[in-house]
Amino acid sequence: MVLEMAHGTFACATFNRDFIRGVDMLITSRNDLRDNGWERILNYFRKKSMWMLHYCTGCGAMELPPTMTSRWDMERFGIGPMATPRQADLLLVTGYLSIKSLKRVIYTYEQMQDPKWLIAFGSCPLNGGIYYDSYTVINRLALYLPIDLSIEGCMPRPEAVINGFNTLMKGIEKGTAVGYKKYKENYEWYKKNQDAILNRTKPVFDSGVKS
Amino acid sequence: MIVLKYIAFALTSIIVGLLFMGLGRKYSARIHRRYGPPFWQSYLDVIKLFSKTSISHHWVMDFGIMMGLAGILATIAFLPIGPFHLFNSMNGNIIIMLYFMTIGYLGMAMGVSASGNPNSAIGIARALTLMLGYEIPFVIVVISLIFINKSSLLSVMVANQAGGFLHWNMIRYPLGFIAAEMALQGMLGEKPFDAMIAPSEIASGPMVELSGKMMGLGFLQHAAQIFLETAIITSLFLGGSSNVWIFFLKMFVLYLVSLSINAVSARFKFENAVKWFWKWPMALSLAQLLIVIL
């Protein structure tokens, strides 16, 4: 069970075929964006009450019902499932993302209100997992959205999930879980990556019929 | 002076309501054999919600959400809380309270309809339809109590129940109490009458578009609503109390009964729920009215 906080300095993955050259990240260190003062006090309440929205396309969704219900009971940490992105603080991307569903995840993430955190679940959003050579599945979610925490494993067990939530809570308390600020600062960079990959979902054959 | 007293009333209703919600979550968790959140979880949730950014789709949305909370808090002004009350001449006028309570729902309806999300429109339509269901039996029960006490003041009804357990309206008019208890389940929006919330069907209904501070106001409204509705039933049937703590305890017992039913029930379709309300609580309340009048 290996847990890893989001990369402090954003190492550009040149080996990844999704990577686009041209625009540089403006702010690479999360220490520049750290919460201070009053925000640190509010962060205490934020970490104690995290409402999550799970984006269930992958197999990671299977691990969440036992995490939520009697056996592991994540509600004791104040974490509960929510129905819509407007109400949620956490977005869980539970597994692989096809290019089409990436678009929906981006919509969902942008609909959420600050402060918000994104958790990448399992190995698929990290490096593609078993879909590493698929033409429809993205390999690195971190190129399109700022990941605050990755929980590795295929799939992570409920213990690993709860351990991950606790790691995120520590990050929030220290004021270092600031992916949403990084997204705002580097929006141009993220947008360029998103556009480049989403262009691939455009139909090859244009029938000329306007829908 | 009366303004300060009113502020104390409003704050008490919210703080006690949130405490009830927190203890209720712990209680439900124990029924599910979970550990459950700490009982102060609701306070943390509210503070967190107010620390978030929020998005509004229309000025009517802001206005409606605030009107929802204001309607419930305005009703609290007429509520006798244990020995305390605001207005001597209207010490718990139940007719005014029933009118004012509706303002809260209508404000919520206006606010969430302005958000433009179809799910919230469906949710609030269900909530208002369900209100049609439970208000009628509840009003019939209230009419029979007004008939008995020759007064619409809660304080008079409480005074007439003085003198021990056997004088409570709960014991003297059991059919009416059961009908009111069923109506309370609908008022609180607990299962089996939570079709308006239904997170898995219509994505939490009225709350779909509420984010951050709006959701916080909605949370406070729900807390005040729990306080108000259990307090009304306590005054009507459980003999009220001249001690605030015993009054809160009676309210909390009512809330726990409601939560116990909630924890083991499935959800009614809302049209079935309305039919159910017009059949069983209605029959019980009409029977009670007949017994009282004849």
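Laboratory data are not the source of any read-out in this text; all were calculated from the coordinates shown. Predicted, not measured: the structure shown is a model, and the values here were computed from it. Counting neighbours? That spans all protein chains shown, and the Cβs are built from the backbone with ideal geometry, glycine included.
Taken one residue at a time, the phi angles of the range B:155-160 give Karplus couplings (6.51, -1.76, 1.60, θ = phi - 60°) of 5, 5, 4, 4, 4, 6 Hz. Gly and Pro are set to x.
Each part gets one Cα centre, and for the range A:76-139 versus the range B:111-188 those centres are 44 Å apart. Amide H to amide H, with H built 1.01 Å from N, A:Trp117 comes under 5 Å of A:Leu90, A:Leu91, counting only residues 5 or more places away or on other chains.
Considering the convex hull of the alpha carbon atoms of the protein assembly as shown, report its projected area averaged over all viewing directions, in nm², one decimal. Mean shadow area of the hull around the Cα atoms is 27.3 nm². 3J(HN,Hα) couplings calculated from phi for the range A:115-128 with the Karplus curve 6.51 cos²θ - 1.76 cosθ + 1.60 (θ = phi - 60°) are, in sequence order, x, 9, 10, 10, 10, 8, 10, x, 7, 4, x, 8, 9, x Hz; Gly and Pro show x.
Counts of other chain beta carbons within 10 angstrom of each beta carbon in peptide A:85-96 average 3.
Here the contact order of the range B:2-293, divided by its residue count and restricted to Cα pairs under 8 Å and six or more residues apart, works out to 28 percent. For the range B:211-231, the residues whose backbone nitrogen is under 16 Å from a point 7 Å from the Cα of B:Ile261, taken along Cα to Cβ, are B:226, B:229-231.
With R₀ fixed at 45 Å, the C-beta to C-beta distance from B:Leu166 to B:Lys279 puts the FRET efficiency at about 0.90. Our helix-only sum for chain B, with -39,500 (n - 2.57) per DSSP H run of n ≥ 4 divided by its residues, gives a mean residue ellipticity at 222 nm of -24500 deg cm²/dmol. The angle between the Cα long axis of helix B:118-149 and the main principal axis of chain B comes to about 10°, on a 0 to 90 degree scale.
Since only A:Leu53, A:Pro65, A:Gly78 are under comparison, the one whose Cα sits farthest along the positive direction of the charge dipole of the range A:35-87, derived from C-beta charges on Lys, Arg, Asp and Glu, is A:Gly78. In plain terms, the residue of A:Asp195, B:Asp62 with the fewest other Cβ atoms within 10 Å comes first and the most crowded comes last, giving A:Asp195, B:Asp62. In the structure shown, the pairs B:Lys5/B:Lys250; A:Lys182/A:Lys202; A:Lys47/A:Lys191; A:Lys48/B:Lys52 are assessed against 19 Å; a Cα-Cα span above that value is assigned to B:Lys5/B:Lys250; A:Lys182/A:Lys202; A:Lys47/A:Lys191. Each of A:Met112, B:Met90 has some number of other Cβ atoms within 10 Å of its Cβ, and from fewest to most they run B:Met90, A:Met112. Among B:Ser235, B:Ser56, sorting on how many other beta-carbon atoms sit within 10 Å of each Cβ, with the fewest leading, yields B:Ser56, B:Ser235. What the phi angles of the range B:236-246 give under the Karplus curve with 6.51, -1.76 and 1.60, with θ = phi - 60°, is a coupling list of 6, 10, 9, x, x, 5, 8, 10, 4, 5, 5 Hz, glycine and proline written as x.
Rounded to whole Å, the principal axis extents of the Cα atoms in the range B:147-273 read 48, 33, 25, largest first. Under a Gaussian network description of chain B, with springs only between Cα atoms under 10 Å, the residue in B:Ala266, B:Ala283, B:Ala231 that fluctuates furthest is B:Ala266. Within the shell defined by Cβ-Cβ distances under 11 Å, the residues around A:Ser49 carry a net charge of +2, with Lys and Arg each +1 and Asp and Glu each -1.
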